[in-house]
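The values are calculated or read from the model by the stated rules, or taken from the named source; none is laboratory data. In this text, all values refer to a predicted model and were calculated from it rather than measured experimentally. Here the Cβ is made from the backbone with ideal geometry for all residues, glycine too, and neighbour counts use every protein chain on show. Heavy atoms of the whole protein, side chains included, go into the accessibility calculation; ligands, DNA and RNA do not. Shrake-Rupley method; radii C 1.70, N 1.55, O 1.52, S 1.80 Å.
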Amino acid sequence: MAHCEQVTRAVGTVDGVLSRMRALDATLPARDGLAVFNRVYLAVTEAVDRHIDAGRFADARAAIALDVRFAERYLAAVDAVDGDRRPPACWRPLFQFRRHPGVRPLQFALAGINAHIGHDLALAVVDTCRTLGCEPVELEDEFDRVGDLLVSLEERIRDDLMPGPDLLQIADPLTHLLGSWSLERARDATWAAARALWALRRLPDVAEEFTERLDAAVGFAGRMLLTPLPD
């Protein structure tokens, strides 16, 4: 497979985004919904960094660019809230419910993953293609490898944050919420959305409408994932 060859815009560093996430982890209360997701995403980014250092990506430069552009979307949402500006619709439920006592940590983690995978990753693929002067197909290997890391970490997250067996009876509302969302399906939809956005890049009005609708749909799913549950 061909790889990206032309750099058209400077790319930040993985160390830079890791520093931002670690700073957030150090300042946010542990039970804060944003803190829960940030810890998850920090673990993901550290895993990607280790894989890059170990040479497990065929095109390390493309992997770094995608990882950084991806993280920048999340950090921009955090900055928007800190600056009293509205974040993208996909992130609003997490920021609105981040301190709700009826929302469990696993819900916060999955709502953040939903926002970041369902919306941000598609835009990050387009950002990276513009940065490196390549086509989405040239990033497919890097996209798939990052996606595989996310799937493996999601399984660990569910194990770590899942309530005890006594709370996971078939009638428990959390059981139904967890069964309603799939990272695998979200990843497949994101790749299709990224390719569609790239194809629409010369139709900015249509691309903008597509992006707004994607943002709203992902935000709606996030709101459902954050449904407060009884103790």
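Restricting attention to region 37-58, the residues that are farther than 14 Å from TYR74 by Cα and either in a helix (DSSP H, G or I) or within 14 Å of the chain's Cα centre (by Cα) (or both) total 9. Residues that are at pLDDT 90 or above, more than 19 Å from PHE70 (Cβ to Cβ) and either touching a Leu at 6+ places or on another chain (Cβ under 6 Å) or among the aliphatic types (A, V, I, L, M) (or both) within region 1-35 comprise ALA26, LEU28, ALA30, GLY33, ALA35, listed in sequence order. The set of residues from region 103-132 being surrounded by 23 or more Cβ atoms within 10 Å (Cβ to Cβ) and among the acidic types (Asp, Glu) comprises just one member, ASP120. Scoring ARG61 on the criteria (1) open to solvent by 10 Å² or more (accessible area, probe 1.4 Å); (2) in contact (Cβ under 8 Å) with a residue 60 or more places away in the chain; (3) not in a helix (DSSP H, G or I) leaves a single failure, condition (3). Among ASP15, ASP84, which is on the phi > 0 side of the Ramachandran plot and open to solvent by 70 Å² or more (accessible area, probe 1.4 Å)? Sole residue among the options that is on the phi > 0 side of the Ramachandran plot and open to solvent by 70 Å² or more (accessible area, probe 1.4 Å): ASP84.
Apart from one condition, HIS100 fits all of (1) surrounded by fewer than 24 Cβ atoms within 10 Å (Cβ to Cβ); (2) under 25 Å from PRO204 (Cα atoms); the exception is (2).
When region 177-231 is filtered for residues that are of a type in the set (Phe, Trp, Tyr) and in a helix (DSSP H, G or I), the ones remaining, listed by number, are TRP191, TRP198, PHE210, PHE220.
Among the residues of region 133-158, those identified as within 13 Å of TRP191 (Cα to Cα), acidic (Asp, Glu) and open to solvent by 20 Å² or more (accessible area, probe 1.4 Å) are GLU135, GLU138, GLU140, ASP141, ASP144. Within region 71-95, the set of residues being free of Cβ contacts under 8 Å to residues at least 60 places away in the same chain and part of a helix (DSSP H, G or I) comprises ALA71, ARG73, TYR74, LEU75, ALA76, ALA77, VAL78, ASP79, ALA80, VAL81, ASP82. Considering the conditions (1) open to solvent by 20 Å² or more (accessible area, probe 1.4 Å); (2) more than 14 Å from the chain's Cα centre (by Cα); (3) at pLDDT 95 or above, TRP191 is excluded by exactly one of them, (2).
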